[in-house]
Each structure stands twice: as C-alpha cells, then as structure tokens.
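Shown next, in structure tokens, is the structure this report addresses.
The values are calculated or read from the model by the stated rules, or taken from the named source; none is laboratory data. Predicted model, so just to flag it, every value in this text is computed and none were measured. Every residue, glycine among them, receives a Cβ derived from its backbone with ideal geometry; neighbour counts consider all protein chains shown.
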Amino acid sequence: MKKAFLALAAGFMVLAAGTQSATAGCGTCDKTIVENAVGSKDFATLVAAVKAAGLVETLSGDGPFTVFAPTEAAFAKLPKGTVAELVKPENKDKLVAILTYHVVPGKVMAKDVVKLDGKKAKTVQGGSVGVKVKDGTVSINKAKVVKADIACKNGVIHVIDTVLLPKAKKK
Amino acid sequence: MNSCLRSFGVFASLFGCVLSSTAALGHSPVDFLEVIRVKPAQVIEHGVETRSRFDSRKKESKLEGPTYFSRGVGAMKRAVKSPRAYMNWFTIKNPTQQPKRQVDVLDMVRGGNSKQLQIGSAAFLISPSQQLTSGAPDEIPEGLDIYKAYEIHDGSSVDLKLDIDGSLGNGKVSVGKPIYLCMSSEEWHHDETFAVTHPNDCFVVYEIEEQPAVSTFNTIDQFGINELKGSTLRWICVRAAFLRDKSK
C-alpha cells in the first residue's frame, strides 16, 4: 500500500516538476508549501499522506501556514504498517488529525520559533506542540528541527526528524 | 603668553580630533570580531537584494555559505563589548565589478596616520546571527547591520602584535594586511527589509596568523538554523568609521 502511494507521489512530483518555473535567488518562495514538498524526494510519504487526507487544496491556499514536515526517515521510525493503515479511506479523520497537528497558523520563521522556548504553539488540529531549545538544537515535542526556514509563497516549512502524534482525545 | 596660547590651541585641536573620532566610532556594539573559517551542516544558496553606499541601485547578490563565522572578542586591553555579537559570512557568487575607489577610513588599529584604502568589489555578505545554546537565544545587539565586505587592494601591513582574548584564550597574534572593508548595506530578503542604522560604522578586516580553531557553533540567522564546524581562525575585524569616498 505504501509503495502504491510512493509511486503516486513520484508521479505527482514529475508532473509538478514540469510546471515549476525557474526562480531567481530563493528557489522555493514562489511556490506553495505543497509544491515545495512535492519537489523534494525527502517528503514523498508526507505528500502521499497529504493527498490521501485531501489537504492538498488547503495547503495550497493563501495561508499563511507553518508546516513541521517529517522526512522519509521520520516516517520510517513509525511501527511497520502504520502509514499504510493511516492512508486507508476509513482512517481519513485520523490522518487529517495527525497531519494538521503538524501545521501552525501563520508564518512562524525559525527566529520566532526559538523565542517560544518552553512554551506551546497551537496547531490547526486544535492541540498544542511544545517548543524546546536545548544544547543548540530546536525540538518540537520530541522531534528535532533538522532544517528551518524553507520559505514558501503561502508560509514556511521546518523539517523535522520525527512524526508528531497528537494525544488521543478522551471519549 | 603667546606660546601658552599656541599650546592651548594645539591641545584643543587634538582634543577635538579625539572627540570626533570617538563619536565617529561610537555606535557599534562591538570593537573586535574574530573570524573563523567554517563548514556548515546546511549549505545555504540563496539570492537577496542589497544596496550599500557604493551601489547606485539595489542588486541581486547570490549567496553561498556560511563560509566564515565571527564573534565579538576582547583586544587591545579592551574587554569584549558585546559577547552576543555573532555574524555569519556568505560568499557572494556573482560579485558586481566595482571600479577601484579611494576611501578614507579611521580604524582602531591603524589610527589616524594611515586612513586611505583602495577598495574593489564585494566578496562577502555578512549577516548578524544568534548563537543557539539552551533557551531562547539572546537578541542581536543593536547597531549591528548587514555588511558587504569589499576587497582592499593597496592595504599596507600594520605588523602589529595584538593581544586578543577569544577562541584561543588570551594571547598575542601578529596582525598583517587589511584585506576587506565591511560597509553596512541595506538588504531585501523575501518580504523583509534590513535597513542601515549607522551608515558610517564599518569594520576593517586584517589578516592574522592562521591558527586552528576547532569548535562547533549552532546559529540562527535570516536563512534559518545551521550547525557550523570551525576549522581555522583567519582574520580579525576591527571597528572603524567611514570618513569619505575620495573617488566622488
């Protein structure tokens, strides 16, 4: 199942790459968050998940949004079969909740993220993520920010090394 | 009486000179910065628009780096003025060829005896940064701008032993030729504009004896978070004041 989505994502990437315009200077700031994610092989699973959750249109909108984007290595840390399970149509709500937990409203650049040390930031999902600056690294919950400030037309991407999982709502 | 008046006149003019020099050098939050060659974990390749006093209009500078990192140090028996002054240096990949120009600059090492420099094109863009340790980082000290480092063509060596209290502890280093003049520059990066706060504040960069300076710096600048691995201490920036462009 995961393979099928990766193939779909790869196809989407080829299609999108063909329509990208050359940019002077920045290289990412004239594209949306989705276009930039599609343009990087490190976000293949994320892009596949965003498509399965039906969030492409939202994350291509005006925003602005701050997206903490997990890498392929981050998804690989999840128990085997988790992604394949999440992208099933019957689990769409759960997938949307996880993905929107990675999105904070507004364009929050790294210099502003680090000011939130010890504080929490409210996500689009409704829950909050904790920000920590320790020993020269910035963490969002337990995920380390490995690259920051990929400026996009409708926000900014910060790359993280672990998938963020919201706390399950009590019934 | 006449000689007394003359002495007073000489004293007054000297005092005036010192006062005006001090005022001219008064804004910068840092007197000396050591400059260390670094290798970044993430190589930034990015274009920004800049305009210094030597540019008639804003121009796109294609940057790559950081290639150097600098931080405030104590020197000449002066304690470090702001230990929070950090700068990341980016190589300008598309330097605009500038005509050679003669400028007068007063710096803390050469003093008033040798103010004239001939400068050429800009080789680096220098951006203030913050060091990431634990907790929210300290703010960038006021008065630090973005600078463009222009090559100096005719700088004569100062052949001075300078006591520096920096990466290598407290010790004397041999200072040689002036190699760059760092002039403040406006910058436009995405939707942010960085203004020049003090147009006459500048730095003269001198060669020093190369020494190993192996350490890691986690920094945050206008391009995001980066880990910089230091290798060698190469240069020292000395606070200076721009007096005039003699080519005009």
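Figures for the structure shown
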read-out	value
Residues of the range B:97-117 satisfying the condition of being within 15 Å of residue B:162 (Cα to Cα), touching a residue at least 40 places away in the same chain (Cβ under 8 Å) and in a strand (DSSP E or B)	B:107
Residue satisfying all of: in the range A:127-148; without any contact (Cβ under 8 Å) to a residue 40 or more places away in the chain and over 21 Å from residue B:138 (Cβ atoms); surrounded by the fewest Cβ atoms within 10 Å (Cβ to Cβ) among these	A:142
Given (1) at pLDDT below 95; (2) surrounded by fewer than 19 Cβ atoms within 10 Å (Cβ to Cβ), index of the condition residue B:229 fails	(1)
Residue ID - farthest from the chain's Cα centre (by Cα), chosen from residues in the range B:154-168 that are closer than 30 Å to residue B:101 by Cβ and part of a strand (DSSP E or B)	B:160
Some residue of the range B:152-175 being in contact with a His (Cβ under 6 Å, 6 or more places away or on another chain) and either surrounded by 13 or more Cβ atoms within 10 Å (Cβ to Cβ) or within 28 Å of residue A:115 (Cα to Cα) (or both)	no
Tally, over the range B:187-213, of residues that are within 17 Å of residue B:33 (Cα to Cα), surrounded by fewer than 23 Cβ atoms within 10 Å (Cβ to Cβ) and hydrophobic (A, V, I, L, M, F, W, C)	2
Tally, over the range B:129-148, of residues that are more than 9 Å from chain A (Cβ to nearest Cβ) and of a type outside the set (Val, Ile, Thr)	10
Number of the exception - residue A:125 against (1) assigned to a helix (DSSP H, G or I); (2) in contact with a helix residue (DSSP H, G or I) (Cβ under 6 Å, 6 or more places away or on another chain)	(1)
Selection within the range A:117-148 - within 8 Å of another protein chain (Cβ to nearest Cβ) and of a type outside the set (Ser, Thr, Tyr)	A:117, A:118, A:133, A:134, A:135, A:136, A:138, A:145, A:147, A:148
Test: residue in the range B:174-196 that is among the polar types (S, T, N, Q) and either outside any strand (DSSP E or B) or within 12 Å of chain A (Cβ to nearest Cβ) (or both)	no
Matching option when the condition is modelled with pLDDT of 95 or more and either in contact with an Asp or Glu (Cβ under 7 Å, 6 or more places away or on another chain) or closer than 19 Å to residue B:30 by Cβ (or both), among B:164, B:152, B:208, B:146	B:146
Index of the failed condition, residue B:94 passing every other in (1) modelled with pLDDT under 95; (2) in a strand (DSSP E or B); (3) within 29 Å of residue B:193 (Cβ to Cβ)	(2)
Selection from the range A:137-159 of residues that are in contact with a Phe, Trp or Tyr (Cβ under 8 Å, 6 or more places away or on another chain) and in a loop (DSSP other than H, G, I, E, B)	A:154
Unique match (being more than 14 Å from chain B (Cβ to nearest Cβ), over 12 Å from the mean Cα position of the chain (by Cα) and surrounded by 15 or more Cβ atoms within 10 Å (Cβ to Cβ)) among A:151, A:97, A:84	A:97
Residue A:107 assigned to a loop (DSSP other than H, G, I, E, B), touching a Gly at 6+ places or on another chain (Cβ under 9 Å), free of Cβ contacts under 8 Å to residues at least 60 places away in the same chain and within 11 Å of chain B (Cβ to nearest Cβ)	yes
